[in-house]
Amino acid sequence: MPELITPNTALHQAWLDCRDDWGRDVIQHGSGLRQDEDVDTLAGFTVFVDRMKRMSDESIPVAEGLVHATYWWIADRGEIVGSISLRHRLNDFLLHAGGHIGYGVRPSARKRGLASWALGEVLGHARARGLDRALVTCDDTNIASARTIERNGGVLEDIRHTELGYTRRYWIDLTAA
């Protein structure tokens, strides 16, 4: 049974295994990982995990251009299989291109319904935060992600050229039962 796990340093090796499945230089949507972060050492990984925890605490200011966000790791069958994040609000960039929710599932765990399950779980968290609707986006060529969003009630607003390339923008109504 899949579950969402709050990032923690005890899962350092499991997280590295997930990262390595992607590839060290591949952007992992929803992970919060910055390309310049050293996560191979426990000390560097601890800084990464602590930063993600601080991002969810709205009593702690975030850097200019960022918004508060909550991060989870997607776990299944005893392994970390991906990441998902919920941005608490939208700034101009997120409204245009990034959306409220970002997610990714490692290549070896795809086609098992994990992204769809995780998105559904996080939509519940968005609803609990008081959001009436959530913007979820994906690359225009990512058909699997588009289907995941649509399975969770996403209604395509448009496809536009953004800083991320051609981006599909979906809104999901959170007021429906």
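Cβ-Cβ contacts under 6 Å between residues 6 or more apart (or on different chains), taken from a first residue in the range 157-174 that is over 18 Å from ASP92 (Cβ atoms) to a second residue that is assigned to a strand (DSSP E or B) and among the charged types (D, E, K, R), are listed as ILE159/ARG168; ASP173/ARG133; LEU174/ARG133.
Give me a count of the residues in the range 123-145 that are in contact (Cβ under 8 Å) with a residue 24 or more places away in the chain and either in a helix (DSSP H, G or I) or at positive phi (or both). Residues that pass the stated criteria total 6. Residue under question is GLU37, and the condition is that it be assigned to a loop (DSSP other than H, G, I, E, B), in contact with a helix residue (DSSP H, G or I) (Cβ under 6 Å, 6 or more places away or on another chain) and surrounded by fewer than 20 Cβ atoms within 10 Å (Cβ to Cβ); does it hold? When the stated conditions are applied, GLU37 passes them. Taking the listed residues ALA97, ALA63, ALA118, ALA109, the one that is within 19 Å of GLU163 (Cβ to Cβ) and surrounded by 13 or more Cβ atoms within 10 Å (Cβ to Cβ) is ALA97, with no other qualifying.
Listed by first and then second residue, the pairs with beta-carbon distance under 8 Å, at least 6 apart or on different chains, first residue in the range 106-118 and free of Cβ contacts under 8 Å to residues at least 60 places away in the same chain and in a helix (DSSP H, G or I), second aliphatic (A, V, I, L, M) and surrounded by fewer than 14 Cβ atoms within 10 Å (Cβ to Cβ), are ALA115/ALA144.
Residues that are of a type outside the set (S, T, N, Q), loosely packed, with under 15 Cβ neighbours inside 10 Å and over 19 Å from the mean Cα position of the chain (by Cα): does the range 1-21 have at least one? Scanning the range 1-21 turns up at least one residue that is of a type outside the set (S, T, N, Q), loosely packed, with under 15 Cβ neighbours inside 10 Å and over 19 Å from the mean Cα position of the chain (by Cα).
Only the coordinates and a few stated rules stand behind these numbers; no lab work does. Just so we're clear, the structure is a prediction, and the values are computed from it rather than from any experiment. Reconstructed Cβ throughout: ideal geometry from the backbone, glycine too, with neighbour counts over all protein chains shown.
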